[in-house]
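S.K.: The structure follows.
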Amino acid sequence: MPPHMLERLARDTADPVLSARARRTMALTSAHQAARLVPPPARSPEEDFVPKRTIHDAQGRETLPGRAVRKEGDPATGDKTVDRSYDWLGATFDFFEEVYRRDSIDGAGLPLISTVHYGDGYANAFWNGEQMVYGDGDGVIFTDFTIPLDVTGHELVHGITQHTANLEYYGQAGALNESVSDVFGSLVKQRHNGQGAGEADWLIGVGLLAEGVDGVALRSMKEPGTAYDDPRLGKDPQPGHMDDYVETYRDNGGVHINSGIPNRAFYLAATAIGGNAWEKAGLVWYDVLTGGALAVDVDFAGFATETVRAAARRFGAEAAETEAVRGGWSGVGVSVASTAEALG
Ligand code: ASN
Ligand code: ZN
């Protein structure tokens, strides 16, 4: 969840309860941000590729992990929030297992730990470096953060990034870190819904904005900047082209803002290729994320060049897929070295 939405609410004087909650959410999120970079504890690799989920209930407190309420294989609890977290962790695990043959977040069977009902009206979800955490939302602007599958996907992919490219959470590398979470979060949802690139909504966080909020989601990968426009939240500030790149020191140098640019590049590439976005465009992005060639502080152009290189390796330098990837980046104003240069 981008800080600019919370900052806006925190400054909102019309509803002191809501603004106090937004401030509390911001304080807790930044406290956990540092923890994200800490690698998970060493563990012995497990034998098979099956999820090992445990859902905890923080019961409105801010202590992690809280009380364990559903373990792997346990029946549904009847608490919709607990059961949604369980299901969405499973859907995300299955996506990476079945599509890219990845065994959990770390590629080595990391157990999936989740805490729901975190805090009082906590309006965010995050990966803290070791586990998932979800708030119930404030009920006025945001509903329960377990609702959208792509939000769970987004947060778990922060864990995958941490264990692979480990992109710095600042500036363009940080916006790429955010974008990669949106890309695979969306792909988890698209596959779950059985939607090809042409049918998908390319929105992140549908169902999260409470009734009465003027907006459809947190972000749009297809049309960045159009997800919401509400008197309390302001307008979605995401650019979809380098011409509108936002220079700012806030939000770690605009990681949740400028991610609109690589998000739209992926959308353009995937829709130009057609079919299921996770099969080709997603595979190329996955190759880049996990391939070991990215610097932790890579910029958009450096990342783009790696995607062209990865597409050429998968499909051939002259293939339509490779051309589509290049076209995606040029569509958002990011210049890519020629395929020959990228390959050289
Ligand atoms: N939900 C936010 C995100 O993953 C939490 C944060 O760390 N800013 O981007
Ligand atoms: Zn994120």
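S.K.: Work out the charge dipole of the chain with +1 on the Cβ of Lys and Arg and -1 on the Cβ of Asp and Glu about the Cα centre, then indicate which of 204, 193, 159 is farthest towards its positive end.
M.R.: Of the listed residues, the answer is 159.
S.K.: Would you mind checking which residues have amide H under 5 Å from residue 146's amide H? H placed 1.01 Å from N; only 5 or more apart, or other chain.
M.R.: For residue 146, no residues qualify.
S.K.: Find out how many positive minus negative residues lie around residue 324, taking Lys and Arg as positive, Asp and Glu as negative, among other residues whose Cβ is under 14 Å from that of residue 324.
M.R.: Working: positive: 264, 280, 314, 326; negative: 279, 318, 321, 323.
Value of the local net charge: 0.
S.K.: Sticking with this structure for a sec: Given just the C-alpha atoms of the chain, how large is their convex hull per residue in cubic angstrom? Could you put the intermediate results ahead of the total?
M.R.: On the way: hull volume 43.2 nm³, N = 344.
It comes to 126 Å³ per residue, whole-number rounded.
S.K.: For 55, 113, give the ranking by accessible area with the largest first, probe 1.4 Å. Display every interim value, and only then the final one.
M.R.: On the way: 55 0, 113 60 Å².
The residues order as 113, 55, largest area first.
S.K.: Give me the lysines in straight-line cross-link reach of residue 280: C-alpha distance below 25 Å, same-chain residues under 8 apart excluded.
M.R.: By straight Cα distance, residue 280 reaches 189, 222.
S.K.: Taking only complete DSSP H runs, can you tell me which helices of the chain stretch 18 Å or more along their own long axis by Cα positions and average at least -1.0 on the Kyte-Doolittle scale?
M.R.: Correct list, ordered by number: 16-33, 80-100, 149-163, 171-193, 260-273, 300-315.
S.K.: Ratio of region 197-344's C-alpha Rg to 2.2 N^0.38 Å, to two decimals?
M.R.: Details: Rg = 16.1 Å, N = 148, 2.2 N^0.38 = 14.7 Å.
That ratio works out to 1.09.
S.K.: What's the whole-number percent of alpha carbon pairs in region 3-163 lying beyond 19 angstrom? It would help to have the intermediate numbers written out before the result.
M.R.: Numbers: 6878 of 12880 pairs.
In whole percent, the long-distance tail amounts to 53.
The values are calculated or read from the model by the stated rules, or taken from the named source; none is laboratory data. The model shown is predicted, which means the values in this text are computed figures rather than measured ones. Every residue, glycine as well, gets a Cβ built from its backbone with ideal geometry; the counts of neighbours run over all protein chains shown. The area values use the complete protein model at the heavy-atom level, side chains included, leaving out ligands, DNA and RNA. Shrake-Rupley method; radii C 1.70, N 1.55, O 1.52, S 1.80 Å.
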